[in-house]
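In what follows, a single structure is set out as structure tokens and then discussed.
Here, each number is a calculation from the coordinates, and none is a lab measurement. Predicted model, so just to flag it, every value in this text is computed and none were measured. So basically every Cβ, Gly included, is an ideal-geometry build from the backbone, and we count neighbours across all protein chains shown.
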Amino acid sequence: MVVNPKGGSGKSTLATNLASWCAHSGYRTALMDFDAQGSSTRWAGKRDARRAPIQAIAAYERPEGVTRTFQLRLLPGTERLIVDTPAALDVRLLTEVTRDADGILLPVLPSDIDIHAASHCIGDLLVAARINARTDRIAVVANRVRQNTRIYQALMRFLASLQIPLVGILRDAQIYVHAAAAGLGIFELPPRLARRDIEQWQSLLEWTNSRSEHPHEQLRTVG
Ligand SMILES: Nc1ncnc2c1ncn2[C@@H]1O[C@H](COP(=O)(O)OP(=O)(O)O)[C@@H](O)[C@H]1O
Ligand SMILES: [Mg+2]
């Protein structure tokens with residue numbers, strides 16, 4: 001699950017790239033979108049049918065005549081579920097939606113406003129995690145980083161001061177914009193274009209994998 005109270009921090013970018021990586025790696029993958037802006041849903045809609053399939057669920061919609069359980073059902077055999085969330089989830093909702101997640105990723109941009117917003121969100125997440133007695137599954141990703149800037153140093157100091165791991169540092173790169181526009185993840189682009197960025201994802205993917213190797217409950221499926 002990807003969360004952050006700020007819009008534009010990279011939630012949908014992380015969610016769609018994670019989903020693309022899971023699908024591309026052969027896992028049966030679903031991408032559930034709780035944000036009414038529908039970025040992940042639109043991304044999945046652009047995806048070429050010849051690519052590794054991803055079940056996209058527009059969870060922000062409230063269609064009439066179907067139960068919530070039916071609307072959110074996963075295809076049988078689903079192995080990875082990536083959840084994209086809206087900005088500005090309050091603590092109660094945050095506690096509720098993160099309860100069943102095996103891993104919670106929080107992308108943070110190198111900007112003063114984002115660092116401030118993230119520190120509040122991390123406080124809330126830790127409270128929520130304690131409520132659910134699972135503090136070990138939260139991690140931060142520094143996104144759109146331009147090294148050697150003063151604000152990058154400030155972000156790194158902030159992240160180092162947290163009790164939660166920094167599992168990825170992703171640069172600011174147009175490749176994310178181009179991949180998104182085509183319904184792809186960077187892992188599905190020609191390697192010569194994406195090599196450097198794919199390298200930056202390795203620690204993040206390792207962390208994600210370690211989370212999904214110890215699922216605390218079976219993914220709910222309706223056969
Ligand atoms: N590392 C990155 N480099 C360049 N552009 C990025 C990067 N991460 C996100 N973006 C762009 O920033 C914008 C906001 O990102 P998005 O993932 O939609 O944020 P959120 O879902 O948190 O609102 C999008 O246009 C996206 O393509
Ligand atoms: Mg989004």
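I'd like the projected area of segment 99-174, averaged over all directions, using the convex hull of its alpha carbons. Report it in nm² with one decimal.
Across all orientations, segment 99-174 yields a mean hull projection of 5.2 nm².
Order by neighbour count: TRP21, TRP207, TRP43, fewest other Cβ atoms within 10 Å first, most last.
Listed from fewest to most nearby Cβ atoms, that is TRP207, TRP21, TRP43.
Run the dipole for segment 67-124 about the Cα centre, Lys and Arg Cβ at +1, Asp and Glu Cβ at -1, nothing else charged, and hand back the magnitude in debye, nearest 20.
Using only the charged Cβ atoms, the result is roughly 320 debye.
Give me the log10 of I(q) over I(0) for segment 15-118 at q = 0.10, 0.11, 0.14, 0.23 Å⁻¹, as the Debye formula computes it from C-alpha points; what are the numbers?
Once normalised to I(0) and log-transformed, intensities are -0.31, -0.38, -0.61, -1.40.
Using only Cα atoms, figure out Rg for the chain and give it as a multiple of 2.2 N^0.38 Å.
0.98
Take the alpha-carbon centre of segment 140-189, take the same for segment 71-101, and report the distance between them in whole Å.
Distance between centres, Cα-based: 22 Å.
Within the chain, which complete DSSP H helices have Cα atoms spanning at least 18 Å along the helix axis and a mean Kyte-Doolittle hydropathy of -0.5 or higher?
11-24, 112-131
Provide the packing ranking of 179-188, 80-89, 59-68, i.e. peptides ordered by the mean count of other C-beta atoms within 10 Å per residue, highest first.
The most tightly packed comes first, giving 80-89, 179-188, 59-68.
Magnitude of the Cβ-charge dipole of segment 54-171, K/R +1 and D/E -1, about the Cα centre, nearest 20 debye?
320
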